[in-house]
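Notes for the one structure printed next.
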Amino acid sequence: MDDQAVTIRRLLIANRGEIARRIIRACRELDIETVAVYSDADAGAPHVSEADSAVRIGAAPARESYLNIDAIIAAARSTHADAIHPGYGFLSERAPFARACEEAGLIFVGPPASSLEKMGSKIGARALMTAAKVPVVPGETPSDQSDKALTTAATRVGFPALIKPAAGGGGIGMKTVRDAAELPGALAAARREAKASFGNDALYIERLIEQPRHVEIQVFADAHGHTVHVFERECSAQRRHQKVIEESPCPALSPAIRERMGAAAIAAANAVGYRNAGTCEFLLEGSGDSASFYFLEMNTRLQVEHPVTECVTGVDLVHAQLRVASGEALPFTQASLSQRGHAIECRIYAEDPQQGFIPQAGTIVLYSEPQGPGIRVDSGVKAGSEVSIHYDPMLAKLIVHAMTREDARRRAITALRNYAILGIRTNIPFLLQILEHPQFVNASIDTGFLDRESAALAAAIPRDLPPAAMAAVENHKQRISTLGTPGTPGTLGTLDPFSTLGNWRG
Amino acid sequence: MVETKPLGDGWYLVTEGNERWRVAIADAPDATWVFVDGQVARIESAGSGSTRGRAKGRGDSSVMAPMPATVVTINAAAGQRVNEGDTIIVLEAMKMELPIRSPRSGIVKAVHCAKGDLVQPGVTLLEIE
């Protein structure tokens, strides 16, 4: 241990669900006491019963509980916690929260507030990255808006290019230009639409990245001048910007590009004085050694998909976060890190893919996780859990690890086929469709894949279960009526005295 | 012949000839749920008449919430003409917006919810005549 290190004895977790449980587990292993916080909707949640103590912080809506900085700081004070882990989402990337922790004398398990602020501003971050020689998507708003100057700018930026109203948003007035010959017409049309929609006809020209992959680099920095990268995660399988399946390594990343991307992520972290775990997101264009990559943004927190990195590197990222937050040096060096095998994470969402992905709320009446070598489930629910409308619909994450990508893919399929969640609909049948899709099988998906294919994938989900399974349901119903009282959900089998009565013509 | 053997914790071994399945079955108040090989079915209990998952009912004149949600926008007032497919109400649940579209064209008879209300499935939000 380092001289400057302090010991975290009691940690408050300002979060809920699977990530709160993940952090509690790490604390147990490090002999750190845990304090859970909960809203009225979560009084019976697993993270509350698993922590060493728990504090109610407010009503069900997040802004009255998990987003309430004063209530969380007060909970930390009343329980004499010495540190706060924000998890992801909620307050994790809010500089005022990090600052409030600092002012209350609490260790914030994350980056300094100043790093959060610098990366929180898109325009500011882009300027900082450019200065640090981290590649960003080429783009500019020329001060001279004549056709001639815009044409020169487009040539600098490169084709295909995207023309956008400088004052715009939401895709209005956006034009794709394949070559210089298309520019005059596109510029005139974009100006008209920009003027009509935003009252300002200034245009921004950006390189169009076609069929990009979303590849991100895990970085880690300590207070002793060490910054390392912990390799990449590929997250191209996203529906409406919500990640669905992540994996590591990225099948399209060559060793040379991986090294360059890792160096760029380290430069990005150092440019904002980063500490603790963070992730730099990039767009990857092309594959192999000729691929290009562009910085998108930095997520200044632990990511949902951090377990795939843990699987392939053997590093426990939450342990490392706690060590670094208490002032110790990083428990690993760049040279000590390597990737082994392949990991895939599937996010389990409470949503009905067959009804337009409508979020589901209700009571989970049966919950049964898959088990076996290379299978990890990080879950926020159990049988009897009430899934409320107040929070994110992600219930759990299935993470599998195997020697090859194909082995991992098959392991994920087998695990999902044994992952029973009843009482509400989940996206498990949809995940199975993705994992079997030829483009996923041959690792050629881009960030637009699920937006193009979701409807077809959902439509391919089988509507009918095997007749024998439905016959078993009839058997089950008959048993219940014979017994006279409905069994406790999920426990009927063990109580059933009529197990030999189970013949039914299907 | 289909044979069903309880395995515990809601799981059953279902055998038919040479084929076998591991099936999970559990009861909710209004339905029985069944799981096999990653696929799920919900079998409504007889006479439960559940309105879950439906945004319309009662001869298509009542607009109902498909799930517990908060009302964020109401685009129609009593006496107003609406067309089939118009987004008349927007609900929010789990940080996602759920547009509720008019099941038919007609005149709004009454609006039974207000912006900010927490509504439950099966409760009439709006009536059209």
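The values are calculated or read from the model by the stated rules, or taken from the named source; none is laboratory data. The shown structure was predicted, so the numbers you read here are calculated from the model rather than taken from an experiment. Cβ placement follows ideal geometry from the backbone for every residue including glycine, while neighbour counts extend to all protein chains displayed. Surface accessibility is based on the protein's heavy atoms, side chains included, excluding ligands, DNA and RNA. Shrake-Rupley method; radii C 1.70, N 1.55, O 1.52, S 1.80 Å.
What FRET efficiency, computed as 1/(1 + (r/R0)^6) with R0 = 25 Å and r the Cβ-Cβ distance, is obtained for A:THR130 and A:ALA263, rounded to the nearest 0.05?
Details: r = 16 Å, r/R0 = 0.64.
Computed FRET efficiency for A:THR130 and A:ALA263 comes out at 0.95.
Trypsin sites (Lys or Arg not before Pro), restricted to the range A:3-79: which are DSSP loop and have at most 13 other Cβ atoms within 10 Å? Please report the intermediate quantities before stating the final value.
Details: sites: A:ARG9, A:ARG10, A:ARG16, A:ARG21, A:ARG22, A:ARG25, A:ARG28, A:ARG56, A:ARG63, A:ARG77; in loops: A:ARG9, A:ARG16.
Taking the range A:3-79 and a limit of 13 other Cβ atoms within 10 Å, the loop trypsin sites (Lys or Arg not before Pro) found are A:ARG9.
Treating the beta-carbon of each Lys and Arg as +1 and of each Asp and Glu as -1, no other charges, what is the dipole magnitude of the range A:355-449 about its Cα centre, to the nearest 20 debye? Could you put the intermediate results ahead of the total?
Values: 9 positive and 8 negative charges, 41 e Å.
The calculated dipole for the range A:355-449 is roughly 200 debye.
What's the angle, to the nearest 10 degrees (0 to 90), between helix A:183-198's Cα axis and the longest principal axis of chain A?
60 degrees
Which value, in debye to the nearest 20, describes the size of the charge dipole of the protein assembly as shown about its Cα centre when Lys and Arg Cβ atoms bear +1, Asp and Glu Cβ atoms bear -1, and nothing else is charged?
Numbers: 65 positive and 73 negative charges, 159 e Å.
The dipole magnitude comes to about 760 debye.
Under a plain spin-label model, where a point goes 7 Å from the Cα along Cα-to-Cβ, how far apart in nm are A:GLU64 and A:GLN211?
That separation, rounded to one decimal, is 5.0 nm.
Which value at 222 nm does the protein assembly as shown reach when only helices count, each DSSP H run of 4 or more adding -39,500 (n - 2.57), with the total divided by all residues and rounded to the nearest 500 deg cm²/dmol? The partial results should precede the final answer.
Working: 17 runs with 173 residues, N = 635.
The helix-only estimate for the protein assembly as shown comes to -8000 deg cm²/dmol at 222 nm.
Roughly what angle does helix A:405-416 make with the longest principal axis of chain A, taking Cα atoms, 0 to 90 degrees, to the nearest 10?
40 degrees
Show which lysines lie in cross-link reach of A:LYS175 when reach means a straight Cα distance below 28 angstrom and same-chain residues fewer than eight apart are skipped.
Cross-link targets: A:LYS122, A:LYS148, A:LYS164, A:LYS195, A:LYS243.
Of A:SER287, A:VAL304, A:PRO331, which is farthest towards the positive pole of the range A:268-349's charge dipole, taken about the Cα centre with +1 and -1 on the beta-carbons of Lys, Arg and Asp, Glu respectively?
A:PRO331
Evaluate the distance, in nm, between pseudo-label points positioned 7 Å from the Cα of B:LEU13 and of A:ASP147 along their respective Cα→Cβ axes.
Modelled inter-label distance: 7.9 nm.
Rounded, prolate or oblate: which one fits the range A:260-315, using the alpha carbon gyration tensor with axes a ≥ b ≥ c (rounded when a/c is under 1.5, else prolate when a/b beats b/c, else oblate)?
Numbers: a/c = 1.94, a/b = 1.21, b/c = 1.60.
Oblate, because a/c is 1.5 or more while a/b does not exceed b/c.
To the nearest 10 degrees, how steeply does helix A:147-157 sit against the main Cα axis of chain A, on a 0 to 90 scale?
Helix A:147-157 sits roughly 50 degrees off the main axis of chain A.
Determine which lysines satisfy two conditions relative to B:LYS109: a Cα distance under 29 Å, and not lying fewer than 8 residues away in the same chain.
Within reach: B:LYS56.
So, R0 is 41 Å and r is the distance between the beta-carbons of A:GLN355 and A:ASP407; what FRET efficiency does that work out to, to 0.05?
Details: r = 33 Å, r/R0 = 0.82.
The calculated FRET efficiency here is 0.75.
Once you charge only the Cβ atoms, +1 for Lys and Arg and -1 for Asp and Glu, what is the size of the charge dipole of the range A:268-384 about its Cα centre, to the nearest 20 debye? Can you show the working numbers first?
On the way: 7 positive and 13 negative charges, 74 e Å.
Approximately 360 debye in magnitude.
Rounded if a/c is under 1.5, else prolate if a/b beats b/c, else oblate: with a ≥ b ≥ c from the C-alpha gyration tensor eigenvalues square-rooted, which is chain A?
On the way: a/c = 1.83, a/b = 1.31, b/c = 1.40.
Because a/c hits 1.5 or more and a/b fails to exceed b/c, chain A counts as oblate.
Mind grabbing the accessible area of B:ARG42 for me, 1.4 Å probe, Å², rounded to tens?
60 Å²
Can you give the FRET efficiency for A:ARG463 and A:GLU386, using 1/(1 + (r/R0)^6), R0 = 35 Å, r = Cβ-Cβ distance, to the nearest 0.05? Please list the in-between numbers first.
Working: r = 28 Å, r/R0 = 0.80.
Between A:ARG463 and A:GLU386 the formula returns 0.80.
Looking at the square roots a ≥ b ≥ c of the eigenvalues of the Cα gyration tensor of the range A:1-68, which shape do they give, rounded for a/c under 1.5, prolate if a/b is larger than b/c, or oblate?
On the way: a/c = 2.82, a/b = 1.93, b/c = 1.46.
Prolate is the answer for the range A:1-68, as a/c is 1.5 or above and a/b outweighs b/c.
If you roll a 1.4 angstrom probe over the protein chains with everything in place, what fraction of the accessible area of the protein assembly as shown belongs to carbon and sulfur, to the nearest %? Intermediate values should be presented prior to the final figure.
Values: 12920 of 26290 Å².
The value for the protein assembly as shown is 49 percent carbon and sulfur by accessible area.
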